[in-house]
């Protein structure tokens, strides 16, 4: 009886180990490769200070502005709020009581923070230093 119990326990242990190896091997094959993890962003046009920059790859108006500011060696001043990032200044053009940096996508002013708006392929992003309309 003890011999049968030992054999039965051995068969169960081997079965559990075999199932575990099969399961782990199956999980490894389903792991995405590095190339499939690469995120591609939409290609957009960004207009800044009346200059148009095409072929900008960005997921948000804020990211598009970051790229254009880098190309122009312009420093961005931003502030993080609960609702998202607010652009307070670009280069020497700082936010005042009369003027602020406002983004527009396809001619329409943004209704969410510039880092929260999700751009689509072909969008036209325009950043204007203008009087906000409340």
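Values quoted throughout were computed directly from the atomic coordinates according to the rules given, and no laboratory measurement underlies them. Just so we're clear, the structure is a prediction, and the values are computed from it rather than from any experiment. Here the Cβ positions follow ideal geometry from the backbone for every residue, glycine too, while neighbour counts run over all protein chains shown.
Data table
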read-out	value
Measure of compaction for the chain (Cα Rg per 2.2 N^0.38 Å)	1.93
Mean Cα-pair separation over length for the chain, i.e. relative contact order, pairs under 8 Å, 6 or more apart, %	24 percent
0 to 90° range, to nearest 10: angle between helix 2-30 axis and the chain longest Cα axis	20 degrees
The chain: calculated mean residue ellipticity at 222 nm from DSSP helix runs of at least 4, using -39500 (n - 2.57)	-10500 deg cm²/dmol
Highest-first arrangement of 63-71, 3-11, where packing means the average Cβ count within 10 Å	63-71, 3-11
The chain: angle of helix 61-71 to the longest principal axis, Cα-based, in degrees nearest 10	70 degrees
